[in-house]
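Here's the structure we're looking at; comments come further down.
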Amino acid sequence: MRRMKKINTPHHETPRHDSRDSPTHRQSPVTRAANQREVAHSGQRELSAKASREASFRISVMASSADEPLPALLLFRVREIDFHAALRERYRVLDFYTSGEALPAFLAAAAAAADPPRAALIVGGGTPARVDAAFLDAVPSLRFVFNTGAGMDHIDLAECARRGVAVANSGTVYSTDVADHAVGVLLDVLRRVSAAQRFLRRGLWPLQGDYHPLGTKVGGKRVGIIGLGNIGMLIAKRLQAFGCAISYNSRKPKESVSYKYFATVHDLASESDVLVVACALSKETRHVVNRDVLDALGKDGVVINIGRGPIIHEAELVAALREGRIAGAGLDVFEKEPKVPAELFSMDNVVLTPHVAVFTTESRSDLRDVAIGNLEAFFAGKPLLTPVLPRSWLVEQSVA
Amino acid sequence: MASAATGAAKPGLLLLRRTDATFTAALRARFRVLDFYASGEPLRAFLTAAAAEPDPPRAALVVAGGAILVDAAFLDAVPSLGCVVTTGAGVDHVDLAQCAGRGVVVAGAGEIYSVDVADHAVGLLIGVLRRLAAADRYVRAGLWPAQGDYRLTSKLSGKRVGIIGLGSIGSQIAKRLQAFGCAVSYHSRAPKASVPYRYFPDVHALAADSDALIVACALNDATRRIVGRRVLDALGPDGVLVNIARGGNVDEQELVAALQDGRIAGAGLDVFQNEPHVPPELRDMDNAVLTAHEAVFTEESRADLQELMIGNLEAFFAGKPLLTPVLRP
């Protein structure tokens, strides 16, 4: 059994689709060789207990990497250089994207190999790979799936549970960045920051005088949050500091929370000035923000979506904006990314961002840590760091 | 109202500010308005004519921003003036010493703007760290399907933010940033009692210890160009600057150079040295978020402000203390 190796955590900027090889904390071969010599000779010296453990750990790792092949890992799809390199250091990476094969052929080949993969790492949000019955049938060796995305709608959790496949995700790694983005977009829509930018870029300030129309005050706005999970709670806490009044809708009321609860999204919208979509996408939430809800929000209302595009009925939203039945929108997600309804491009009262709420350099670094931490825990037979379906639970329960 | 109580003619009011129809009507209902912008006359001639009237005006409502300066020349031209009401968040266009010397009381906007300006400051900060306007441009230009995902940006939560000036605006900014888990420090002339933020007597040291620097102080001789080359260098290549105070608080040329050279990471600016002119180099930068001196302007604050101006004028004419007096620093 391989022991856990220390995870290196570079915090520098990593362009997400940069093809240059960027520096990492990986040891150069020269340094690695020097360390090996140092450890080999250190038996002569008096070592502290800790140094002794470290030395023996290093020796065992080197020994194990000499004797045992790296465990296989199915990969869908990691583009960041550092992350990919960190995975290749530890695992035999079977990369779907570089395989050039169709998914069924790729999975069949992986399953037929001498050491078929027991773990898979899925990058959510736009991946073509659905982890469903067909997927799991194709790779019966699979016992663990790590999903990097905040959303889990492409993973059939029931099927995974039925087969005893553990699932972990990114936990709360993204939550503050998504909450910050939601608040930033809300401020931008209400105070017309990006719109003013366009005005200035066109050189209109000297020509037309002050920018109009005026924005609207943030304080005192009634903000209705759909989904009060980690992200929703962080949004609420931030907006409270601006003097907003917070209410929410979720499947059930949350006990330790003092915000007003609404049992339906429609009722929440009718008592809100700003509606924030912060829930997961599921059968129940698909198109839950529909014409009825938008009309309840009303012509001074603003919608912010940092959840998933299909939670809002996009065509109805565009129509409501076109007809002035709501006042504005801030959208980071869309029904058919990367396609965005072109009609929105000419609207000054909308802010559009290309699904970036999670993408800061800091959270990418944290994500690497959490992904590798979970994979290492799985391969070491230890509890997962951020389980969605914990292995122990699957073992203990007889899952229907 | 003075006119209703005494039956006398309405008190004269110099109006040196553009107003909307509703507000003009509200003023005319209470005062005999001498409207500078409607007169079309040059300022000096307008003031001299007003001073020559049989019942010369004792109060003036003056636009902020520096287009009109209430200085010795202005006050000399209308010796009847006893009260100046101004509407800006800043009063750098009013010579407070000259007014005090002549017994002219000055009313400002009080804290009416503080919350809106603070909101705008945080909006600019998130905007520059998370590149919201640039990402929005990316989408509108159709680049998402064409070029793929947008670049990584920079986290706000937990960053160290230094605020220059911890008055009512600076305090409101600090309160908001605490909700993001930011570590807030500040610089001002003297430390403020019982605030939970770390005080820096030296603005360079504040910049060196900050990931983001927010300028929220008044413009006066001590703070003119308080952010110059040294402070920008101390802020460093990962640092961002937000200015919602006055263009004059920042050395604009140095700022543009620092951005061009990558010596700081970005800037969010609502004010400029020579409004409405914005350095063209800034307009094209993805890491500069620019707004047109509108941090104070919301629909709600405009209404609040109009009420406040009338309240101050009525207090003056009734011989009562001003609602929001500006005192000499």
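Looking only at B:Ile264, B:Ile169, B:Ile68, which one moves most when chain B is put into a Gaussian network model with springs between Cα atoms under 10 Å?
Residue with maximal mean-square fluctuation among B:Ile264, B:Ile169, B:Ile68: B:Ile68.
Fewest first, what order do B:Asp261, B:Asp211, A:Asp210 take by the number of other Cβ atoms within 10 Å? Don't jump to the answer; show the numbers that get you there.
On the way: B:Asp261 10, B:Asp211 21, A:Asp210 15.
Fewest-to-most ranking of B:Asp261, B:Asp211, A:Asp210: B:Asp261, A:Asp210, B:Asp211.
Could you work out, residue by residue across A:372-385, how many beta carbons of other chains sit within 10 Å of that residue's beta carbon, and then give the average as an integer?
On the way: counts 0, 0, 0, 0, 0, 0, 0, 0, 0, 0, 0, 0, 0, 0.
What the average comes to for A:372-385 is 0.
Can you list residues whose amide H is under 5 Å from B:Arg32's amide H, if they're 5+ apart or on another chain and H is modeled 1.01 Å from N?
B:Gly12, B:Leu13
Which ordering of B:Leu125, B:Leu308, A:Leu331 is given by a fewest-first count of other beta-carbon atoms within 10 Å? Could the numbers behind the result be given before it?
Working: B:Leu125 30, B:Leu308 20, A:Leu331 27.
Lowest to highest Cβ neighbour count: B:Leu308, A:Leu331, B:Leu125.
Describe numerically, in nm with one decimal, the distance between label points set 7 Å from Cα along Cα→Cβ at A:Ala102 and at B:Asp71.
Result for the modelled spin labels: 8.1 nm.
If you average the C-alpha positions of segment A:108-170 and of segment B:69-92 separately, how far apart do those two centres end up, in angstrom?
Cα centroid to Cα centroid, the span is 73 Å.
Round to the nearest 0.05 the FRET efficiency obtained for B:Ala49 and B:Lys320 when R0 = 30 Å and r is the Cβ-Cβ distance.
On the way: r = 30 Å, r/R0 = 0.98.
Efficiency, rounded to the nearest 0.05: 0.50.
Fewest to most neighbouring Cβ within 10 Å: what's the order for B:Ile163, A:Ile372? Walk me through the numbers on the way to the answer.
Working: B:Ile163 28, A:Ile372 24.
In increasing order of surrounding Cβ atoms, one gets A:Ile372, B:Ile163.
Report the relative contact order of chain B, percent, no decimals, based on alpha-carbon pairs under 8 angstrom and at least 6 residues apart. Don't jump to the answer; show the numbers that get you there.
Numbers: 576 pairs, mean separation 52.1, N = 329.
Worked out over chain B, it gives 16 percent.
Within 10 Å of each Cβ in peptide A:218-227, how many partner chain Cβ atoms are there on average? Round it to a whole number, please. Each step should come with its number before you reach the end.
On the way: counts 10, 7, 2, 0, 0, 0, 0, 0, 0, 0.
For this peptide, the per-residue mean of nearby foreign Cβ atoms is 2.
Quick check: pseudo-label points 7 Å beyond the Cα along Cα→Cβ at A:Ala263 and B:Glu307, how many nm apart are they?
3.8 nm
HN-Hα J couplings of segment A:181-192 from phi, Karplus 6.51/-1.76/1.60, θ = phi - 60°, integer Hz, Gly and Pro as x?
The phi angles translate into 5, 4, 5, x, 5, 4, 4, 4, 5, 5, 9, 6 Hz.
Which FRET efficiency value, to the nearest 0.05, do you get for B:Asn274 and A:Gln240 by plugging their Cβ-Cβ distance into 1/(1 + (r/R0)^6) with R0 = 25 Å? Walk me through the numbers on the way to the answer.
Working: r = 39 Å, r/R0 = 1.55.
For B:Asn274 and A:Gln240, the calculated efficiency is 0.05.
Can you give me the P(r) profile for chain B? Cα pairs, bins 10 angstrom wide beginning at 0, each as a whole percent.
5, 24, 29, 21, 14, 6, 1, 0
Which loop GluC sites (Glu not before Pro) in segment A:288-376, with loop taken from DSSP, have no more than 15 other Cβ atoms within 10 angstrom of their Cβ?
Answer by residue number: A:Glu323.
Normalising by the residue count of segment B:1-143, find the relative contact order in percent from Cα pairs under 8 Å and 6+ residues apart. Walk me through the intermediate numbers first.
On the way: 173 pairs, mean separation 25.0, N = 143.
Relative CO of segment B:1-143 lands at 17 percent.
Please identify, among B:Lys155, B:Lys192, B:Lys175, the residue showing maximal mean-square fluctuation in a Gaussian network model of chain B using a 10 angstrom Cα cutoff.
Of B:Lys155, B:Lys192, B:Lys175, the Gaussian network model singles out B:Lys155 as fluctuating most.
When you look at the Cβ of every residue in B:275-285, what mean number of other chain Cβ atoms sits within 10 Å?
Details: counts 3, 10, 3, 5, 0, 2, 0, 2, 5, 1, 0.
Going residue by residue through B:275-285 and averaging, the value is 3.
More than 20 Å apart: what percent of Cα pairs in segment A:225-334 qualify? Each step should come with its number before you reach the end.
Values: 1915 of 5995 pairs.
Tail of the P(r) past 20 Å holds 32 percent of the pairs.
Please build a GNM for chain B, connecting alpha carbons under 10 Å apart, and tell me which residue among B:Val242, B:Val227, B:Val78 fluctuates the most.
For chain B, modelled as a Gaussian network with Cα springs under 10 Å, the answer is B:Val78.
Taking amide hydrogens as modeled 1.01 Å from N in the peptide plane, which residues meet the under 5 Å criterion relative to B:Thr153, leaving out close sequence neighbours?
Under 5 Å from the amide H of B:Thr153 lie the amide H atoms of A:Thr360, A:Thr361, each far enough along the sequence or on another chain.
In the protein assembly as shown, what % of DSSP beta bridges are antiparallel (nearest 5)?
On the way: 5 of 85 bridges.
Around 5 percent of the beta bridges assigned by DSSP in the protein assembly as shown are antiparallel ones.
Report relative contact order for segment A:200-257 in percent, whole number only (criteria: Cα-Cα under 8 Å, sequence separation at least 6). Don't skip to the end; give the middle numbers.
Working: 44 pairs, mean separation 20.6, N = 58.
Reported as a whole number, the value is 36 percent.
Using the Kirkwood formula on the Cα atoms of the protein assembly as shown, what hydrodynamic radius do you get, in angstrom to one decimal? Provide the component values of the computation, followed by the final result.
Values: mean 1/r = 0.0346 Å⁻¹.
It is 28.9 Å.
Can you give the FRET efficiency to the nearest 0.05 for A:Ala85 and A:Ser256, using r as the Cβ-Cβ distance and R₀ = 30 Å? Mind dumping the intermediate values first?
Values: r = 42 Å, r/R0 = 1.41.
Efficiency for this residue pair is about 0.10.
Check the straight Cα-Cα distances from A:Lys217 and name the lysines below 19 Å, setting aside those fewer than 8 residues away within the same chain.
Candidates past the 8-residue exclusion: A:Lys237, A:Lys299, B:Lys175.
Read the figures in this text as sums done on the coordinates, not as results from a lab. Just so it is clear, the structure is predicted and the values come from calculations on it, not from any experiment. Because the Cβ atoms are built from the backbone with ideal geometry, glycine has one as well, and the counts that use them run over all protein chains shown.
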